[in-house]
Amino acid sequence: MTVTLATPERESATHNKKGRRRSAAARQNLVGWLFVGPFAVVFLALLVLPIGFAFYLSMFQSSLIGGERFVLFDNYIKAFTDPSFLSGAWFVISFSLVLIPLQMAVSLAVALMLDIMTTRFARFSRLMIFMPYAIPTVIGALMWGFLYSSNFGPLAEIFGIFGATAPNFLSSNLIFYGLLNIVTWQWAGYYMIILYAALQGIDPTLYEAARIDGASQWQIVLRIKIPLIAPALLLILVFALIGTLQFFNEPKILQQLAAGAIPNDFTPNMYAYQQAFSLANDNYGSAISFALGAVVFICVYIFLFATRKRGSFIS
Amino acid sequence: MSVTPVERPKTRRASGKLVERRSDPRRVGGRIPLNIVLALLMIYFLIPFWWLIVNSSKDAASLFGGGSALWFGDNIDYVQNFTDLFTYSGGIYARWLGNSALYALAGGIGATVLAVLAGYGFAKYSFAGRRFGFAVILGAVMVPTTALVIPTFVLFAEAGLTNTIWAVILPTLLNPFGVYLMCVYARDAVPDELLDAARVDGAGEFRTFATVALPLLRPAMVTVLLLSVVSSWNNYFLPLVMLSDNRLFPVTVGIGLWQSTASSYGAAGGQTLWSIIILGSLVSVIPLIIAFLTLQRYWRGGLAIGSLK
């Protein structure tokens, strides 16, 4: 957060030179804050306050006998030694490591294909591939749950044609891949549109110049297109990272269809939900939420900081 | 084909495409494999919709009694399923749809208004704390929203706001990414000279904003509105946590509830329920698909704003 703090004084210093300027600056100040103010209020009330409150709560423990008790970081120590939290965290991390490269590769490949195709069919398919984004994740998970299901699903049928047994994506062995497919299906189109729009923003005379220099289609892709859409790639990477680490809706919905494959501590978010609502343990639930939020924030921030030269997202 | 409301790339692209096509007519033939790949991808992305359309036509018997899961059964039962869907449990489904619309529109419009004002303020005024404020907002984009849900719930519980519509609408108003998008867009789309000209003509700051800046910001506004409406229509975790009265549920939580009821009956016991869950899922996705299709020329370009500097 301290990245961009370098130059705010410069402006006010020049403003102070003349009284007339100073009053103009004061006016700017007032009007600027009038515009930003309403959002600032919402921001304080719905982000700063809950986070602060969660942090406060997370430092207490309540029990039937002892009542509320200040325990400082005990809840965090408990979380980071709690096998339930750790296994959820490990699932989410390993899931991101597979999901994010896959998702980015799919969306980039489709965006690059669509960028060189100008047919009506290409335009239509662009819209159709994007369509899953408009679907609530709950409904998306439900649809795929049905497709996987042995009661409703066509999977058994399709594999039956080849005389094979269908894989059960709702079993504990394969649920990882079942979820991988759902999330990729849901988001690849959205990421594709972001990348596609960035590709459309590239000046085509660059391609002409490259072609005159003898560059092949592949060289244009690798040397011009991909480097120029690096900010967009970074943006979707950040989105994917934030989205995956807070995984909740899909496993929660599939839980009932996938008997036993998805326990209540499957992801950190599900665990926090269980702690706060099934077990009425607000303090521990808050600690997990806060720890999760902090870890995601720090990871993403470090990542953005490390790549800040290339991306425009935080520059 | 009007790709994007961001002006420059559009014209460039139009001329560029012309050159590209003329210079190499052979490439059209070479793209047949690409078309095949595209067709296969489309099948993958559309197959769940197809399943939903086909199976929402079935009665319980053909839903469970064999027959292809990817083709219609003997009876096309849309009418019966429709009636069941909208009469089940006192017609609560219609209420859920209404709730979803209310939450999505109130939250979405509110979030957009706040984002437009704040984004414009950040882009066009130099005020004390601007850089710090903007850095904080960028940081907030990275705070995972679900990590905020439980803390917000506990806070709202203290204030007696849980299990009211405000518990769902208020948190939706917070959209730091929308502010970021508006600011980035306003910086380029609203020239300072134009604002100065309006001021010289004697317009006050808010009049300048409303008459000069606002029309120029329309593409980004539609994008932010669409993104906020979609994310609140699709929201599940927040209303699941906040609401306990099922008459306040949005459609996502409602269908989740039906699904868990049907699952606990087992496949056999919950047969009627499964038919209406499937049709209910189909009905619930139709409004958003219509919104996207009608507004596509706005959002497609708008989504690029964040990635194009």
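None of the figures in this text is laboratory data; all of them are computed from the coordinates on show. Everything quoted here is computed from the prediction, not taken from an experiment. When we count neighbours, we look across all protein chains shown, and the Cβ atoms used for this are built from the backbone with ideal geometry, even at glycine.
³J(HN,Hα) across the range B:206-213 via Karplus (A = 6.51, B = -1.76, C = 1.60, θ = phi - 60°), whole Hz, x for Gly/Pro?
6, 5, 4, 4, 6, 9, 9, 6
Where is the GNM fluctuation largest for chain A (alpha-carbon springs, 10 angstrom cutoff): A:217, A:103, A:274?
Taking springs between Cα atoms under 10 Å, the residue moving most is A:217.
What shape does the range B:209-287 take by its C-alpha gyration tensor, where a ≥ b ≥ c are the square roots of the eigenvalues and a/c under 1.5 counts as rounded, a/b above b/c as prolate, and the rest as oblate? Mind dumping the intermediate values first?
Details: a/c = 4.89, a/b = 2.70, b/c = 1.81.
Prolate, because a/c is 1.5 or more and a/b exceeds b/c.
Under a Cβ-only charge scheme (Lys and Arg +1, Asp and Glu -1), can you give me the dipole magnitude of the protein assembly as shown about the Cα centre, in debye to the nearest 20?
The dipole of the protein assembly as shown has a size of about 2600 debye.
Would you mind putting B:238-246, A:288-296 in packing order, based on average other-beta-carbon counts within 10 Å, highest first?
So the order, starting with the most tightly packed, is A:288-296, B:238-246.
Counting partner chain Cβ atoms within 10 Å of every residue's Cβ in B:106-118, what's the average? All intermediate terms of the calculation are to be shown ahead of the outcome.
On the way: counts 0, 0, 0, 0, 2, 2, 0, 2, 8, 1, 2, 6, 8.
Taking the mean over all residues of the peptide, I get 2.
Using Cα centres only, tell me the gap between the range A:75-140 and the range B:282-299 in whole Å.
21
Rounded to the nearest Å, what's the spacing between the alpha carbon centres of the range B:82-96 and the range B:46-64? Just the number, please.
19
What percent do you get for the relative contact order of the range A:161-289 when only Cα pairs under 8 Å and 6+ apart count?
Relative CO of the range A:161-289 lands at 22 percent.
Which whole DSSP H helices in chain A pass both tests: a Cα extent of 18 Å or more along the axis and a mean Kyte-Doolittle value no lower than 0.5?
Details: long enough: A:19-43 (34 Å, 0.42); A:83-116 (50 Å, 1.79); A:175-200 (37 Å, 1.10); A:230-245 (22 Å, 2.59); A:282-306 (35 Å, 1.70).
Long hydrophobic helices here: A:83-116, A:175-200, A:230-245, A:282-306.
In whole angstrom, how far apart do the alpha carbon centroids of the range B:139-199 and the range A:201-224 sit?
Here the two parts' Cα centres lie 40 Å apart.
Restricting to Cα pairs below 8 Å that are 6+ residues apart, what does the relative contact order work out to for chain A? Please round to a whole percent. Don't skip to the answer; put the middle values down first.
Working: 293 pairs, mean separation 77.5, N = 315.
25 percent.
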